[in-house]
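The block underneath contains the structure these notes are about, expressed in structure tokens.
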Amino acid sequence: MVMKNIAQNSKAANVILIVSCFILFYWNFVHNFDVYKYIVVGALYEMSALLVLAATYILPLFILVMALVSKVNLNKKYYIALVILVLTITLLFTIYN
């Protein structure tokens, strides 16, 4: 019941979409720039990398579980977020490997 409410909630969909865009931006940034050039940026990277890595793999699973529970009746923003996260994972395994 709770998952079905989350599946149709527009605010939750916006949050998931924003987080997935942030994850894509984060991995692109840390792989294209020298984060250790500045001490503060390197420290922030070291503190956030594991959290972002976990979110990179947990969020797509969460969206898929919500799709199965709500019988694929999700807000369209979840599907956009899922595509962004799959693109991010693909980039991590191909270009940034």
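Laid out as a table, the results:
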read-out	value
Filter pass, ASN73 being surrounded by 13 or more Cβ atoms within 10 Å (Cβ to Cβ), touching a residue at least 60 places away in the same chain (Cβ under 8 Å), more than 14 Å from the chain's Cα centre (by Cα) and more than 20 Å from ILE89 (Cβ to Cβ)	no
Scan of the range 63-72 for residues that are closer than 11 Å to ASN5 by Cα and modelled with pLDDT under 90, ordered by number	VAL69, SER70
Residue check for LEU82: buried (at least 17 other Cβ atoms within 10 Å of the Cβ) and either part of a helix (DSSP H, G or I) or touching a residue at least 60 places away in the same chain (Cβ under 8 Å) (or both)	yes
Candidates THR90, THR94, THR56, filtered to the one that is surrounded by 13 or more Cβ atoms within 10 Å (Cβ to Cβ), out of contact with any strand residue (DSSP E or B) (no Cβ under 7 Å at 6 or more places or on another chain) and β-branched (Val, Ile, Thr)	THR56
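The values are calculated or read from the model by the stated rules, or taken from the named source; none is laboratory data. It should be emphasised that the depicted structure is a prediction, and the values quoted were computed from it without experimental measurement. So basically every Cβ, Gly included, is an ideal-geometry build from the backbone, and we count neighbours across all protein chains shown.
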